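Encoded as C-alpha cells, the structure appears first; notes follow it.
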Amino acid sequence: MGWLRNLLQKLSRLWRKKLQLGLYGPPNSGKTTLANRMCADWLGSEMGSTSKIAHETREVHLKDKLIIKNEEGKTITFSLADTPGIATRIDYEDFVKDGLPPQEAKMRAKEATEGVLQSIKWLDDMDCVVLVLDSTKEPYNQVNTTIIDNLQTRSIPLLIVANKTDLKKSNIDRIRSAYPDLDIIGISAKQGDNIDKFYMKLFELTAKVK
C-alpha cells in the first residue's frame with residue numbers, strides 16, 4: 001500500500017498549495033539557530049529561543065511566508081517549520097544534571113517526548129526537508145539514519161546541513177563519508193558562514209519537489 005500513501009501525500013501537497021520546508025535533526029544540532037538566521041535575513045525577525053540545554057524547542061514552530069531571492073532575482077516562497085529535536089531516549093535525570101529542578105526536568109522530558117512524536121507526525125506535511133547535523137559529532141547513528149530512511153520512504157527531497165563549522169572539532173568529511181549519496185553543505189548558522197551558498201542550495205532543493 002506504499003503507492004497509495006505516496007499518492008495521497010502528493011494530492012495533499014497539491015491541495016495545500018503551499019510549499020512547506022521543515023528543519024529536522026537531533027537536539028542541539030542548531031535547527032532553531034538556523035531558523036532564526038533565515039527569518040532574520042529575510043523577514044527581519046527571529047523564529048524562537050535557543051539554549052545549551054537539549055530540547056529547548058518542544059513543539060513545531062512555523063513561519064508562514066518566507067521569501068528567498070537569488071542573484072538572478074528569482075524567488076522561492078515557503079512555510080518554514082522548525083521542529084523539535086528527534087531522540088530515541090529522553091530521561092528527565094539528564095535535565096537535572098544540566099541544572100534544572102526535578103519538577104521542571106520531568107515536565108521538560110514529557111514535553112520533549114511529545115515533541116518527538118509531533119516532529120515525526122509532521123513529516124507527512126513536508127514538501128522538502130533540511131536535516132541539520134552538528135558537524136562536531138559522529139553523524140552515523142540511529143536517530144539520523146531513522147530520519148533519513150523516513151524521508152526516503154516518503155520520497156521527500158532532502159538537504160543535509162553540516163552545522164557548527166566555526167568550531168574546531170567540526171568535521172564535514174565525516175558526514176560526507178557517512179552519507180556519500182546525499183547532498184551536504186557545511187555552514188555556521190550562528191556566525192553566518194557559507195549561508196549564501198545554503199540559500200542557493202534551497203533553490204535546488206525546492207526544485208525537486210514534485
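Some values worked out for this structure:
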| item | result |
| --- | --- |
| Net charge dipole size for region 18-207 [Lys, Arg +1 and Asp, Glu -1 on Cβ; Debye, nearest 20] | 200 debye |
| ASP183 long-range amide H proximity, modeled H, under 5 Å | ILE160 |
| Hz values of 3J(HN,Hα) by residue in region 107-112 - Karplus curve (6.51, -1.76, 1.60), Gly and Pro given as x | 5, 5, 5, 5, 5, 5 |
| Expected-Rg normalisation [2.2 N^0.38 Å, Cα atoms] applied to region 18-207 | 0.99 |
| Distance (nanometres) between label positions extended 7 Å along Cα→Cβ at MET200 and ILE120 | 3.8 nm |
| Positive dipole terminus of region 18-207, leading residue within TYR140, GLN152, LEU205 (C-beta point charges) | TYR140 |
| Whole-Hz ³J(HN,Hα) from phi, Karplus 6.51 cos²θ - 1.76 cosθ + 1.60, for region 164-170, glycine and proline x | 6, 5, 6, 8, 4, 7, 4 |
| Karplus-derived HN-Hα couplings along region 197-205 (A = 6.51, B = -1.76, C = 1.60, θ = phi - 60°), whole Hz, x at Gly and Pro | 5, 4, 4, 5, 5, 5, 5, 5, 5 |
| Sequence ranges 98-107, 31-40, ranked by mean other-Cβ count within 10 angstrom, highest first | 31-40, 98-107 |
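Laboratory data are not the source of any read-out in this text; all were calculated from the coordinates shown. Everything numeric in this text was worked out from a predicted model, so none of it was measured. Note: ideal-geometry Cβ built from the backbone for every residue, glycine included; neighbour counts use all protein chains shown.
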